[in-house]
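One structure below.
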């Protein structure tokens, strides 16, 4: 059996925590030059991470133009789990979950 990459392990971990084990979640890197930003967006915030879920087939792809962090994965999986949630709610829950589970690992 092949060893899973750290990113894949994080996805599997958070699929279990968020009750998404019946979903097939993949990732796909995109060219950073394919994304355009308004000039008022600070340089450090010029990145793209987004998820495209299909709730019928229970598949989703996380698109990204930089390396994914654990918080990125939590965030995008929350969008899959709770498609009606707005960005503010997802941000709050993502932060709470991340720090809650991080403390349990200490």
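The values are calculated or read from the model by the stated rules, or taken from the named source; none is laboratory data. Everything numeric here is computed off the predicted structure, so don't read it as measured data. Backbone-built Cβ (ideal geometry, glycine too); neighbour counts: all protein chains shown.
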Give all pairs with beta carbons closer than 9 Å in which a residue from segment 22-38 that is closer than 19 Å to residue 69 by Cα meets a residue that is surrounded by 12 or more Cβ atoms within 10 Å (Cβ to Cβ) and modelled with pLDDT under 80; count only pairs at least 6 apart in sequence or on separate chains. 32/46
Matching residues in segment 41-60 - criterion: being surrounded by fewer than 16 Cβ atoms within 10 Å (Cβ to Cβ), touching a residue at least 12 places away in the same chain (Cβ under 8 Å) and within 13 Å of the chain's Cα centre (by Cα): 48, 50
Return the residue satisfying two criteria in turn: it lies in segment 1-25 and is touching a strand residue (DSSP E or B) at 6+ places or on another chain (Cβ under 8 Å) and surrounded by 13 or more Cβ atoms within 10 Å (Cβ to Cβ), and of such residues it is farthest from residue 79 (Cα to Cα). 7
Can you tell me which residues in segment 61-87 are in a helix (DSSP H, G or I) and surrounded by 14 or more Cβ atoms within 10 Å (Cβ to Cβ)? 70, 71, 72, 73, 74, 75, 76, 77, 78, 79, 80, 81
Using the structure shown, decide if residue 90 is at pLDDT 95 or above, touching a strand residue (DSSP E or B) at 6+ places or on another chain (Cβ under 7 Å) and not in a strand (DSSP E or B). no
